[in-house]
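Remarks on the structure that follows.
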Amino acid sequence: MKKGLFFLVMFFSLGVFSARTASAQVNINVNIGSQPIWGPVGYDYANYYYFPDIDAYYSIPQRQYVYLHGNKWVFANALPASYHYDVYRGYKVVVNDRDPWTRPDYYRGKYGKYKNHYGKQVIIRDSDDPKYYKVNGKGNKGNNGNHGNNGKGNKGKNGKGHGNGHGHR
């Protein structure tokens, strides 16, 4: 009787542990549809993009740029015209840390090597990956179709963005 009760308790415990493990494995964040079409391919989830060329950030959830004006970080819907920055060609680093602009020296040091990498990164708009079809307008004409690339894929370029190791790929 004691053996049967012991095995029953073990079986139940194992079932609860397995259920917790399974739910942890299924809980994955995905925000592909929220990422702008000029974002880098290769990421199912991203909170921010860091632009090493201009030392600025883009908040994907807020859809705002974060840039330094004097000694103050400014949040705005667009970059100042004086930046002359092309977000489609400029290199973006995926950052999933909270409020990355509070540690600018870290990001400058770690990702400064990607300055002047214009056009060396495949972006969502130019991707042939089916997971981006709704985002880039290739597969669903009613969803961002005006931002599509008219079927011109970016063949032969390998352009996975570089993240900080905290994101999900």
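Nothing in this text is a laboratory measurement; each read-out follows from the coordinates by a stated rule. None of the values given here were measured: they were computed from a predicted structure. Here Cβ is always computed from backbone atoms with ideal geometry, including for glycine, and neighbour counts include all displayed protein chains.
Taking the alpha-carbon distance from Lys131 and a cut-off under 12 Å, which aspartates and glutamates remain once sequence neighbours fewer than 8 residues away in the same chain are dropped?
Within the straight-line limit of under 12 Å, Lys131 reaches these aspartates and glutamates: Asp44.
As an exercise, use a Förster radius of 25 Å and the Cβ-Cβ distance of Ala76 and Asp99 to find the FRET efficiency, rounded to the nearest 0.05.
E(calc), rounded to 0.05, equals 0.95.
If packing is taken as the average count of other Cβ atoms within 10 Å, what order do 99-106, 55-62, 70-77 fall into, highest mean first?
Per-residue Cβ counts within 10 Å, averaged per peptide and sorted highest first, yield 55-62, 99-106, 70-77.
Please give me the summed charge of the neighbours of Ile37: other residues whose Cβ is under 10 Å from its Cβ, Lys and Arg +1, Asp and Glu -1.
Local charge sum for Ile37: 0.
Return the long-range amide H neighbours of Gln64 (sequence gap of 5 or more, or a different chain), with a cut-off of under 5 Å between placed amide H atoms.
It is Ser59, by chain and number.
Can you give the Rg to Rh ratio of segment 63-124, both from alpha-carbon atoms, with Rh computed by the Kirkwood formula?
0.94
Obtain the nm distance between the two label points defined at Asn116 and Tyr88 by a simple spin-label model: each point lies 7 Å from its Cα along the Cα-to-C-beta direction.
Once both label points are built, they end up 2.4 nm from each other.
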